[in-house]
Amino acid sequence: MAPRTSTTDTTIDRIIAAATTEFAGHGIAGARVERIAKAARTSKERVYAHFRGKEALYRFVAGRELAGMAEAVPMDATDLPGYAGRLHDHAARHPERHRLMMWGQLELPAGVPAADDPFQESLRHKIEQLRKAQDAGHLDPAWEPEDILVFVSQLALSWVSQASLAPADEERDAFLASRRAAIVAAVQRLFPAAGDTGPATAAS
């Protein structure tokens, strides 16, 4: 849901920045428009003048973050192990962005996505990429592309939600590097990069 006025308005820029922080920290239900307005140095009325409500503001902010992540970590359907490693790296560097996305999955109504829902559009695009890779012989066609996408994404992001298990001392970098290697190896076993040893099948 785009704001009603030009995004070059500095007030909107401040609202978006404040909303991003607020939603990442408190989710949709816990976020408060009053806090967003105060952090943006504006009024609630101004926030509602640009966006139709808190959910619309969340969808706009999340859509921007999703587009940014897709640009920073484009999916390569012929190299899913490499994609999983890069996705892990991005989420590990920006845990607040990962939290922002997770709140939407937890709190937005299931089964009734908005017509311009950026999450659904992103899913459709990635699923189509995976189908094309299957048609070209790069991925085992025994898998449903929806399953491939979910499995790869969950494996790639598995350690981001377990950050508290990582040591806080100088061993942290080595620990996370090992976890990344495990993620890449797991995806490689399921969906080898094109040109590698034959793919595991859905039944194996």
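No value in this document is a laboratory result; all are computed from the given coordinates. The structure displayed is predicted, hence computed values, not measured ones. All Cβ positions, glycine included, derive from the backbone under ideal geometry; neighbour counts span all protein chains shown.
Among His138, Pro109, Leu80, which residue has its Cα positioned farthest towards the positive end of the charge dipole of the chain, with +1 placed on the Cβ of Lys and Arg, -1 on the Cβ of Asp and Glu, and the dipole taken about the Cα centre?
Pro109
Test of understanding: what is the full-extension gain from Asp135 to Ser43, defined as 0.36 nm times their sequence separation minus their Cα-Cα distance?
Values: separation 92, 0.36 × 92 = 33.12 nm, distance 5.29 nm.
Between Asp135 and Ser43, full extension yields an extra 27.8 nm.
Nothing charged except the Cβ atoms of Lys and Arg (+1) and of Asp and Glu (-1): what's the magnitude of the dipole of the chain about its Cα centre? Round to the nearest 20 debye. Walk me through the numbers before you get to the answer.
Values: 24 positive and 27 negative charges, 180 e Å.
Value, rounded to 20: 860 debye.
Compute the acute angle (0 to 90°) between the alpha-carbon long axis of helix 145-157 and the principal axis of greatest extent of the alpha-carbon atoms of the chain; round to the nearest 10°.
70
Report the full-extension gain for the segment Ala142 to Ala72: residue separation times 0.36 nm, less the Cα-Cα distance, to one decimal in nm. It would help to have the intermediate numbers written out before the result.
Details: separation 70, 0.36 × 70 = 25.20 nm, distance 2.97 nm.
Here the answer is 22.2 nm.
Counting each pair of different Cα atoms once, what's the Kirkwood radius of the chain in Å, rounded to one decimal?
Values: mean 1/r = 0.0536 Å⁻¹.
It works out to 18.7 Å.
What aspartates and glutamates could a cross-link reach from Lys38, if we take a straight Cα to Cα line under 18 Å and drop same-chain neighbours fewer than 8 places away?
Asp9, Asp13, Glu22
From Cα pairs below 8 angstrom and at least 6 apart in sequence, can you work out the relative contact order of the chain, rounded to a whole percent?
Dividing the mean separation by the residue count of the chain yields 24 percent.
For the stretch 48-154, take N as its residue count and report Rg(C-alpha) divided by 2.2 N^0.38 Å. If you can, show how the numbers build up before the last one.
Values: Rg = 15.1 Å, N = 107, 2.2 N^0.38 = 13.0 Å.
Taking the Cα Rg and dividing by 2.2 N^0.38 Å, one obtains 1.17.
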